[in-house]
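Some notes on the structure that comes next.
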Amino acid sequence: MDDATLSGFAALLRERREAAERTLLRNSEDGRDLLSARGDGTADDEHDPEGSTLSGEWAMLEALRADTEHELAEIDAALLRQQSGTYGRCAECGRDIPEARLRARPMTRTCVACAEVVERR
Ligand SMILES: [Zn+2]
(Lines give C-alpha, C1' and ligand atoms only; values in the text may rest on other atoms or scores of the structure.)
Protein backbone atom coordinates (compact mmCIF):
# COMPACT_ATOMS: atom_id res chain seq x y z
CA MET A 1 0.00 0.00 0.00
CA ASP A 2 1.48 3.39 -0.92
CA ASP A 3 1.88 6.24 1.56
CA ALA A 4 -0.92 8.35 0.10
CA THR A 5 -3.40 5.48 0.42
CA LEU A 6 -2.17 4.75 3.92
CA SER A 7 -2.56 8.33 5.08
CA GLY A 8 -6.03 8.37 3.53
CA PHE A 9 -6.97 5.47 5.78
CA ALA A 10 -5.26 7.16 8.73
CA ALA A 11 -7.48 10.21 8.21
CA LEU A 12 -10.55 7.99 7.94
CA LEU A 13 -9.64 6.25 11.20
CA ARG A 14 -9.04 9.53 13.00
CA GLU A 15 -12.42 10.83 11.81
CA ARG A 16 -14.09 7.71 13.14
CA ARG A 17 -12.20 8.06 16.39
CA GLU A 18 -13.43 11.63 16.87
CA ALA A 19 -16.99 10.59 16.09
CA ALA A 20 -16.77 7.74 18.60
CA GLU A 21 -15.39 10.07 21.27
CA ARG A 22 -18.23 12.51 20.66
CA THR A 23 -20.67 9.63 21.00
CA LEU A 24 -19.10 8.61 24.34
CA LEU A 25 -19.22 12.18 25.62
CA ARG A 26 -22.88 12.56 24.67
CA ASN A 27 -23.53 9.16 26.15
CA SER A 28 -22.09 10.10 29.54
CA GLU A 29 -24.05 13.38 29.53
CA ASP A 30 -27.25 11.46 28.79
CA GLY A 31 -26.31 9.07 31.58
CA ARG A 32 -25.96 11.94 34.05
CA ASP A 33 -29.34 13.33 33.00
CA LEU A 34 -30.84 9.93 33.52
CA LEU A 35 -29.22 9.54 36.93
CA SER A 36 -30.56 12.88 38.08
CA ALA A 37 -34.01 11.91 36.78
CA ARG A 38 -33.71 8.74 38.85
CA GLY A 39 -32.36 10.59 41.84
CA ASP A 40 -35.59 12.47 42.51
CA GLY A 41 -36.99 9.48 44.36
CA THR A 42 -39.94 8.80 42.07
CA ALA A 43 -38.15 6.37 39.76
CA ASP A 44 -39.11 3.05 41.29
CA ASP A 45 -38.82 0.33 38.64
CA GLU A 46 -41.28 -1.96 40.39
CA HIS A 47 -44.18 0.42 40.81
CA ASP A 48 -43.57 3.47 38.71
CA PRO A 49 -44.12 3.13 34.95
CA GLU A 50 -41.73 6.04 34.48
CA GLY A 51 -39.08 4.03 36.31
CA SER A 52 -39.11 1.15 33.86
CA THR A 53 -38.77 3.62 31.00
CA LEU A 54 -35.67 4.98 32.70
CA SER A 55 -34.09 1.58 33.14
CA GLY A 56 -34.86 0.81 29.48
CA GLU A 57 -33.10 4.01 28.47
CA TRP A 58 -30.25 3.14 30.80
CA ALA A 59 -29.83 -0.27 29.18
CA MET A 60 -29.77 1.37 25.75
CA LEU A 61 -27.15 3.87 26.88
CA GLU A 62 -25.06 1.06 28.34
CA ALA A 63 -25.28 -0.95 25.11
CA LEU A 64 -24.29 2.07 23.03
CA ARG A 65 -21.39 2.84 25.37
CA ALA A 66 -20.09 -0.74 25.18
CA ASP A 67 -20.35 -0.75 21.36
CA THR A 68 -18.59 2.58 21.08
CA GLU A 69 -15.78 1.58 23.45
CA HIS A 70 -15.31 -1.59 21.44
CA GLU A 71 -15.12 0.49 18.25
CA LEU A 72 -12.59 2.86 19.84
CA ALA A 73 -10.39 -0.07 20.81
CA GLU A 74 -10.56 -1.39 17.23
CA ILE A 75 -9.70 2.04 15.83
CA ASP A 76 -6.73 2.38 18.18
CA ALA A 77 -5.51 -1.09 17.25
CA ALA A 78 -5.76 -0.16 13.55
CA LEU A 79 -3.83 3.08 14.14
CA LEU A 80 -1.13 1.07 15.96
CA ARG A 81 -0.92 -1.30 13.01
CA GLN A 82 -0.40 1.75 10.79
CA GLN A 83 2.52 2.86 12.95
CA SER A 84 4.08 -0.59 12.93
CA GLY A 85 3.60 -0.95 9.18
CA THR A 86 1.27 -3.94 9.28
CA TYR A 87 -1.93 -2.07 8.42
CA GLY A 88 -3.77 -3.53 5.44
CA ARG A 89 -2.14 -6.92 5.85
CA CYS A 90 -4.31 -9.85 6.89
CA ALA A 91 -3.54 -10.92 10.47
CA GLU A 92 -4.37 -14.54 9.60
CA CYS A 93 -2.77 -15.26 6.22
CA GLY A 94 -0.45 -12.25 5.81
CA ARG A 95 -1.79 -11.29 2.38
CA ASP A 96 -2.80 -7.74 1.53
CA ILE A 97 -6.40 -6.89 2.35
CA PRO A 98 -8.13 -5.43 -0.75
CA GLU A 99 -8.58 -1.67 -0.50
CA ALA A 100 -12.29 -1.93 -1.21
CA ARG A 101 -12.68 -4.00 1.95
CA LEU A 102 -10.59 -1.56 3.95
CA ARG A 103 -12.68 1.34 2.69
CA ALA A 104 -15.83 -0.41 3.85
CA ARG A 105 -14.27 -1.59 7.14
CA PRO A 106 -11.11 0.40 7.89
CA MET A 107 -10.60 -1.38 11.24
CA THR A 108 -10.63 -4.87 9.78
CA ARG A 109 -7.70 -7.15 10.60
CA THR A 110 -8.38 -9.89 8.08
CA CYS A 111 -9.16 -10.46 4.42
CA VAL A 112 -12.63 -11.69 3.45
CA ALA A 113 -11.61 -15.34 3.17
CA CYS A 114 -9.98 -15.38 6.61
CA ALA A 115 -12.85 -13.43 8.18
CA GLU A 116 -15.18 -16.22 7.07
CA VAL A 117 -12.91 -18.84 8.61
CA VAL A 118 -12.59 -16.87 11.86
CA GLU A 119 -16.37 -16.47 12.08
CA ARG A 120 -16.89 -20.21 11.62
CA ARG A 121 -14.50 -21.06 14.45
ZN1 LIG B 1 -6.35 -13.61 5.14
For the chain (alpha-carbon point model, no solvent) the Debye-based log₁₀ I(q)/I(0) at q = 0.09, 0.19, 0.21 Å⁻¹ works out to -0.40, -0.97, -1.10
What whole-number value in Å² describes the accessible area per residue of the chain for a 1.4 Å probe?
-> 66 Å²
Going residue by residue through region 57-71, the Karplus relation 6.51 cos²θ - 1.76 cosθ + 1.60 with θ = phi - 60° gives ³J(HN,Hα) values, rounded to whole Hz and with x marking Gly or Pro, of 5, 4, 4, 5, 4, 4, 5, 5, 4, 4, 4, 5, 5, 4, 4
Calculated from DSSP H runs of 4 or more alone, at -39500 (n - 2.57) each and per residue, what is the 222 nm mean residue ellipticity of the chain, nearest 500?
-> -25000 deg cm²/dmol
So what are the ³J(HN,Hα) numbers for region 94-101, from phi and the Karplus equation (6.51, -1.76, 1.60; θ = phi - 60°), rounded to whole Hz, Gly and Pro as x?
-> x, 7, 5, 7, x, 4, 4, 5
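I'd like the carbon and sulfur percentage of the solvent accessible area for the chain, probe radius 1.4 Å, heavy atoms only, ligands and nucleic acids excluded. Working shown, then result.
Details: 4080 of 8040 Å².
Here it works out to 51 percent.
Using +1 on the beta carbon of Lys and Arg, -1 on that of Asp and Glu, and nothing else charged, what's the dipole of the chain about the Cα centre, debye to 20?
Taking the Cα centre of the chain as origin, the dipole is about 1020 debye.
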Sequence-distant or interchain residues sharing an amide H contact under 5 Å with Arg89, placed H: which?
-> Ile97
For the chain, what relative contact order do you get, as a whole percent, if you take Cα pairs closer than 8 Å and at least 6 residues apart?
-> 24 percent
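The values are calculated or read from the model by the stated rules, or taken from the named source; none is laboratory data. Just so it is clear, the model here is predicted, and its values are computed rather than measured. Here Cβ is always computed from backbone atoms with ideal geometry, including for glycine, and neighbour counts include all displayed protein chains. Heavy atoms of the whole protein, side chains included, go into the accessibility calculation; ligands, DNA and RNA do not. Shrake-Rupley method; radii C 1.70, N 1.55, O 1.52, S 1.80 Å.
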